[in-house]
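Computed from the coordinates by the stated procedures, all read-outs in this text should not be read as laboratory data. All values derive from a computational prediction rather than experimental measurement. Cβ sites come from the backbone with ideal geometry, for glycine too, and all protein chains shown count toward neighbours.
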Amino acid sequence: MSSATTTLARVPGGPWLADGRPRWRRLLGPVATLLGLLAATAYVRAVDPNVPGHYPGCPTQTFLGVDCAGCGGLRATHELANGNVPAALDHNILVVLAAPVVAVLLALWLRRAWRGVIADPAQYSPRRAVLERVLPLAFVAVLLVFSVVRNLVPYLGSGIG
């Protein structure tokens, strides 16, 4: 292991596992991700997904005739970018609920990269280890349940028509 990325540094607030890379290098990943998301959102805002021919169709909708968890996501993003929250909720409620979570996670990633802190060893506990194993499984379960329920409840469909 490189001592630059695993050195134990003294930072105000206690011993932290610090990232020894320069700040510009630490910020490269989160800033590139943020700029990519902003560019993609700007494109989806400018090019309406409701007009056929601009985006490929969802394979699940095309071949099986059912909505997956992501169906309507582009239309929901388009409506959110244009400030029309009710229409976004009609297309894909999960995208609307996930948008603030993604924003918070990006902000935390940027903060961590700015400060150069990889982890605080005191924050890790058996409870946190269980959460880190369970949360991804819960996320997949929510996607699967949402995919099934949205095809049974008319309001939760992707709003295709």
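Tabulated values for the structure
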| quantity | calculated |
| --- | --- |
| Shape call, the range 23-156: gyration tensor on alpha carbons, a/c limit 1.5 | oblate |
| Charge tally in the Cβ shell below 11 Å around PRO49, where Lys, Arg are +1 and Asp, Glu are -1, PRO49 excluded | 0 |
| Listed residue (LEU38, VAL142, ILE118) projecting farthest to the positive dipole end of the range 23-156, Cβ model | ILE118 |
| Taking HIS91, HIS54, HIS78 and counting other C-beta atoms within 10 Å, the order from fewest to most | HIS54, HIS78, HIS91 |
| Where labels lie 7 Å past Cα in the beta-carbon direction, separation of ALA98 and THR62 in nm | 2.0 |
| Where labels lie 7 Å past Cα in the beta-carbon direction, separation of ALA141 and ARG111 in nm | 2.8 |
| Residue exposure sequence - ARG150, ARG21 - by fewest surrounding Cβ within 10 Å | ARG21, ARG150 |
